[in-house]
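Chemist: Sharing a structure here in structure tokens format.
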Amino acid sequence: MHRDISPLCAADIQDQLKKRFAYLSGGRGQDGSPVITFPDYPAFSDVPDKEFQNVMTYLTSIPSLQDAGIGFILVIDRRQDKWTSVKASILRIAASFPANLRLVLVLRPTGLLQRTLSDLALKFNRDDFNMKVPVIMLSSVPELHGYIDKSQLTEDLGGTLDYCHTRWLCHRTAIEGFALMVKQTAQMLQSFGTELAETELPNDVPSTNSVLCAHTEKKDKAKEDMKLALDEGRSLLENIREPLGKCGEQSLNQDQLDNQTTVQRLLDQLTETEAAFDEFWAKHEQKLRQCLQLRQFEQDFREVKASLDALAQKIATFTDVGNSRAHAEHLLKDLASFEDKSSASMERARGLSLEGEQLIDSKHYAVDSIRPKCHELQHLCEQFVAEVERRRELLSKSLELHHLLEASMKWCDQGIYLLASQPVDKCQSQDGAEAALQEIEKFLETGAENKIQELSKIYQDYESILTKDLMEHVQKVFQKQEGMEEMFHRRQASLKKLAAKQMRPVQPVAPRPEALTKSPCPSPGSRRGSENSSEGSGLRRGPYRRAKSEMSESRPGRSSSTGDEEEGLAILRRHVMNELLDTERVYVEELLCVLEGYAAELDNPLMAHLVSPGLQNKKDVLFGNMEEIYHFHNRIFLRELEGYTDCPELVGRCFLERMEEFQIYEKYCQNKPRSESLWRQCSDSPFFQECQRKLDHKLSLDSYLLKPVQRITKYQLLLKEMLKYSRSCAGAEHLQEALSSILGVLKTVNDSMHLIAVTGYDGNLSELGKLLMQGSFSVWTDHKKGHSKVKDLARFKPMQRHLFLHEKAVLFCKRREESGEGYEKAPSYSYKQSLNMAAVGITESVKGDVRKFEIWCNGREEVYIVQAPTPEVKAAWVSEIRKVLTSQLQACREASQHRALEQSQSLPLPAPPGTSPSKGTTRNIKKLEERKTDPLSLEGYVSPTSLLKPPEKGRGWTKTSQPSEAPEDDGWSSAEELINSSDAEEEGRVGPRKLVPGKYTVVLGDEKGSPDAFAVRSGDVVEVVQEGDEGLWYVRNLTSSKESWVPASSLASLLCTSGSAQCLSSSEQHVVCTAGRSGALRGTGARQTHLRTGPW
């Protein structure tokens, strides 16, 4: 009956149970019926029916079904109550008791009146109770003991049963809470198990890993909940058993035993649920982990396969077998390096295949997917190893062939050296001829080991590597070998004739040159040597050649010796060219290695965690324009160099054509200090260490960052070597020009490195024009103000200044102390002052020191005496300043051209015999009008029939004294000795000044003179030697080494273009030429030179 009612929980009616108007003590009747006690509760009638019904329902639901089926015994204690209350209680219980009743025992009121009333009322009103069980009225507790044993009754009923209502209520609440927890845990595990079973396996590693982590986290949470439930159940069980622990003789009542059983049953149920869940989770986790292993294996397989495919593509590009022994060795090293680098990928592939086999052995659920991938990896590895081995065999064969070819070439070269080194005079005697013959025969015996025996056998043995180019190379070597052997056979024949017993005196005759020139295939060096020898420009190398040249300079055999020597030089040129190409290829590979192994890795997300904060976004600072340098050399310069392999003497053209591109090194070197500084700050970064480990470099990155600087300096050494062996070749001029250009690039780079260290200059240094020169000097100042010569500041100790000469200004800077390491040791320069080149003049010689010269401006109000470290440095600076000032004169020439024409017309032109003066003047003026900006020419106005002879040696000023010969009274300031002709001549002198012997620089010249003209260029230095008849002067062009007689009028117009002032003035000490406000031209006297441009 009670099972039809929805079960209640103690927690739901806890307040109602606490009233204790009825309780289940745990006692049992003699037949095991549960006893419900209704203690004396005065307010029983006030208990609401709903509460009474709930308490009755709950109490009757606690005993087991078996005990409840027997029926309940109700003990109603109403000893302290009235009969009316007893009656009401019995009627209420009879009306609403929800379970079977076995017996109702009522302890009636103890008062006499109430007892009598109860007896009478019970007798007459028994039917009112409407109960199917007997209701027994008991007068005392002992009577109660007759129905229920004392051990089953509580103390208030005279029994010994230990009962605490509060404890009972706590136990009931805890048991029911534990039961609910067990139920919820079971439901949660069931739901979680369903979720796990329905989860689809992901297709990638991150998703699988994420699912595994999520499921593991949920599993751990469930396990934690189960652990808490188990702990709570065990704690509850101990509380139920607590009375046994306090007193060993005391036993648990039936309800306590039922509680213990209930809790134990729940614990067992929870334990079984946990075990089942653990088993299910183990299978699910294994499946997830196998799925993760599979996805990781598949991902690794894709990466490894892509790596192996890339290796296969890379090895497929190794088709070159090498065009020389060095090239073949280089290719073998590249192959070995490639094999080493690929070893990591191969090991990974083999390891992954082994890992797959282990998964198969562990009974993985995806065996059918793993096994084919393992087989594919094994096949790819075997295929790659086989291809590498095949390439190694081909390159080894190529190396073997090139070794054979080089041995043959070396043997041929040694043979040529041997033939060239045999003294011709000694071979004319019988003993000398026999000795030379033995020497040749002994050398020919070495051919068995060095020369190519059969060309067909070479083709057969090396068929697999013989490309078209290599086959042509083999044929050329074989032809050279045959040609050399033919030369030896001819020499042998000649020596055998000389070695035969001579019956009569024989005049010594050198071997005929046909022995060399008529070989089947003369070498390029021999051909060039023969051509150059006809011009007398063959180069002798070695003592034996010099001795031979001195002995037989006029003999026909000289041509043969020169041919042999040129062949030797050709060999040396090839060696230099091979070194140039080999080092260029290595340089390009090193640049690529740095760009791919370091620069590109800075942008690799997988390496981002290794990059230190100071290195982020600093790739351009660290590497500069290395990528630009690499592309230039890899795409352009290296390919063009390879085009000069067969004609190394012409390689200078390659450098000249690409000289502008070499300016990219200036940018790289200017960035080098910043790069060095960044490297020192971040050199300990794990990023660099990891990159170096991957590249297997023994040197750190800074060594490779220095490669471009080392390379640009290496070119000039190689060009010097090539020029050394190409003096008589057609490309010698280009080689010399290329060498000068490369040295100029190095100078520009070096100068720019100093220029970027200038600090304190307010303007833009780039606006000063190109930096021409820079260097450190000792500087004195000697300034005068107004018309009184007062030294502005007498300095006995010079100032140390670093001068920077630009096209538009010269800067004076103070060198600061060097500090730091490496490029940080580069000095810095503090700007002090600058002079505008448009207002500068120079005095080339200063008394007392050949290293000094003067730079002055503002009419010598500011004079700077500059002392160079050496006379050579001074000469270079003076020459460069001259060029700057001369170029400024040329820029001013258009403005002063009209004045030059007027000056030319004002000078009379003395006509040589047979020539009209007016005609010559008209011709000069016409040329001036036709080409205002081009140089004029010195026409030869001398008749062919009456040419004057040059002056005899020693007459006139044939040589200008050097600055070291300047007289002692020529003071180093020398301001008072210099003539400012613009100031002096404007005061009244109008007529032309007389020419004096000395050196002058041409301002106007003409390159298009007639065949008999004395052509000059603007800027040429000419020496006026002496004056002849009819106004002619003997002039020597020191630039072109040509000499001629020139009219004085033409000479004046060529050497100066004047405004209102006369253009030439001279003294024994000094010559000055000015051009008003348009410019000035220097004239070089015997003592001192003064040059001035710009406003005076």
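Chemist: All but one of (1) among the polar types (S, T, N, Q); (2) part of a helix (DSSP H, G or I); (3) closer than 22 Å to Tyr704 by Cβ hold for Asn578; which doesn't?
Modeler: (3)
Chemist: Ok, one more. Could you tell me whether region 667-676 includes any residue that is touching a Cys at 6+ places or on another chain (Cβ under 6 Å) and part of a helix (DSSP H, G or I)?
Modeler: Looking through region 667-676, none of the residues is touching a Cys at 6+ places or on another chain (Cβ under 6 Å) and part of a helix (DSSP H, G or I).
Chemist: Look at Arg302 and say whether it is free of Cβ contacts under 8 Å to residues at least 40 places away in the same chain and within 33 Å of the chain's Cα centre (by Cα).
Modeler: Spelling it out, Arg302 is indeed free of Cβ contacts under 8 Å to residues at least 40 places away in the same chain and within 33 Å of the chain's Cα centre (by Cα).
Chemist: Mind checking which residues of region 698-717 are open to solvent by 10 Å² or more (accessible area, probe 1.4 Å) and touching a residue at least 12 places away in the same chain (Cβ under 8 Å)?
Modeler: Across region 698-717, the qualifying residues are Ser700, Asp702, Tyr704, Lys707, Val709, Arg711, Thr713, Lys714, Gln716.
Chemist: Looking only at region 335-370, which residues are of a type in the set (D, E, K, R), part of a helix (DSSP H, G or I) and without any contact (Cβ under 8 Å) to a residue 24 or more places away in the chain?
Modeler: Glu347, Glu357, Asp361, Asp368
Chemist: Within region 135-152, is there a residue that is of a type in the set (A, V, I, L, M, F, W, C) and modelled with pLDDT under 75?
Modeler: Checked region 135-152: no residue is of a type in the set (A, V, I, L, M, F, W, C) and modelled with pLDDT under 75.
Chemist: Hey, among Ser728, Ser766, Ser741, which residue is of a type in the set (S, T, N, Q), surrounded by 17 or more Cβ atoms within 10 Å (Cβ to Cβ), farther than 21 Å from Glu584 by Cβ and more than 25 Å from the chain's Cα centre (by Cα)?
Modeler: Answer to the check: Ser728.
Chemist: Okay, next question. Which of the residues that make up region 146-194 are among the hydroxyl-bearing types (Ser, Thr, Tyr) and within 60 Å of the chain's Cα centre (by Cα)?
Modeler: Result: Ser191, Thr194.
Chemist: Any residue in region 788-796 that is modelled with pLDDT of 80 or more and charged (D, E, K, R)?
Modeler: No, region 788-796 contains no residue that is modelled with pLDDT of 80 or more and charged (D, E, K, R).
Chemist: Does at least one position in region 153-173 carry a residue that is free of Cβ contacts under 8 Å to residues at least 12 places away in the same chain, surrounded by fewer than 17 Cβ atoms within 10 Å (Cβ to Cβ) and part of a loop (DSSP other than H, G, I, E, B)?
Modeler: Checking region 153-173: at least one residue is free of Cβ contacts under 8 Å to residues at least 12 places away in the same chain, surrounded by fewer than 17 Cβ atoms within 10 Å (Cβ to Cβ) and part of a loop (DSSP other than H, G, I, E, B).
Chemist: Pick from Leu105, Leu101, Leu8: which is over 60 Å from the mean Cα position of the chain (by Cα), open to solvent by 10 Å² or more (accessible area, probe 1.4 Å) and either among the charged types (D, E, K, R) or within 25 Å of Gln152 (Cα to Cα) (or both)?
Modeler: None of the other options fit; the residue is Leu101.
Chemist: Within region 279-328, can you find the residues that are open to solvent by less than 60 Å² (accessible area, probe 1.4 Å), under 26 Å from His364 (Cα atoms) and among the acidic types (Asp, Glu)?
Modeler: Listed by number, the residues that qualify are Glu285, Glu298, Asp300.
Chemist: Same structure again: May I ask you to list the residues in region 49-93 that are of a type in the set (Asp, Glu) and either surrounded by fewer than 20 Cβ atoms within 10 Å (Cβ to Cβ) or in contact with a strand residue (DSSP E or B) (Cβ under 6 Å, 6 or more places away or on another chain) (or both)?
Modeler: Scanning region 49-93 gives Asp49, Glu51, Asp67, Asp77.
Chemist: Taking region 604-615 as the region of interest, how many residues are touching a residue at least 12 places away in the same chain (Cβ under 8 Å) and not polar (S, T, N, Q)?
Modeler: Matching residues across region 604-615 total 5.
Chemist: Being closer than 22 Å to Gln475 by Cα and in contact (Cβ under 8 Å) with a residue 40 or more places away in the chain, is that true of even one residue in region 425-447?
Modeler: Within region 425-447, one or more residues are closer than 22 Å to Gln475 by Cα and in contact (Cβ under 8 Å) with a residue 40 or more places away in the chain.
Chemist: Next up: Within region 418-442, count every residue that is surrounded by fewer than 17 Cβ atoms within 10 Å (Cβ to Cβ) and within 54 Å of the chain's Cα centre (by Cα).
Modeler: So the answer is 1.
Chemist: Just to be sure before I move on: is Val304 assigned to a loop (DSSP other than H, G, I, E, B) and not small (Gly, Ala, Ser) in the structure I sent?
Modeler: No: the conditions fail for Val304.
Chemist: Starting from region 376-403, keep only residues that are of a type in the set (A, V, I, L, M), then list their pairs with residues that are open to solvent by 30 Å² or more (accessible area, probe 1.4 Å) and not in a helix (DSSP H, G or I) whose Cβ atoms are within a distance under 7 Å, requiring at least 6 positions of separation or different chains.
Modeler: Leu394/Ser464
Chemist: Here's something else I'd like to know. Filter region 447-475 down to the residues that are open to solvent by less than 60 Å² (accessible area, probe 1.4 Å) and of a type in the set (S, T, N, Q) and list them by number.
Modeler: Once the filter is applied, which keeps residues that are open to solvent by less than 60 Å² (accessible area, probe 1.4 Å) and of a type in the set (S, T, N, Q), region 447-475 yields only Asn450.
Chemist: Kindly check whether there is at least one residue in region 813-821 that is open to solvent by less than 80 Å² (accessible area, probe 1.4 Å), at pLDDT 85 or above and not charged (D, E, K, R).
Modeler: yes
Chemist: Looking at region 533-553, can you tell me whether even one residue there is hydroxyl-bearing (Ser, Thr, Tyr), modelled with pLDDT of 50 or more and either within 55 Å of the chain's Cα centre (by Cα) or surrounded by 13 or more Cβ atoms within 10 Å (Cβ to Cβ) (or both)?
Modeler: Within region 533-553 (the criterion being hydroxyl-bearing (Ser, Thr, Tyr), modelled with pLDDT of 50 or more and either within 55 Å of the chain's Cα centre (by Cα) or surrounded by 13 or more Cβ atoms within 10 Å (Cβ to Cβ) (or both)), the answer is no, since none of the residues qualifies.
The values are calculated or read from the model by the stated rules, or taken from the named source; none is laboratory data. For clarity, every value in this text was computed on a predicted model and none was experimentally measured. Every residue, glycine as well, gets a Cβ built from its backbone with ideal geometry; the counts of neighbours run over all protein chains shown. Protein only, heavy atoms only, side chains kept; ligands, DNA and RNA dropped before computing areas. Shrake-Rupley method; radii C 1.70, N 1.55, O 1.52, S 1.80 Å.
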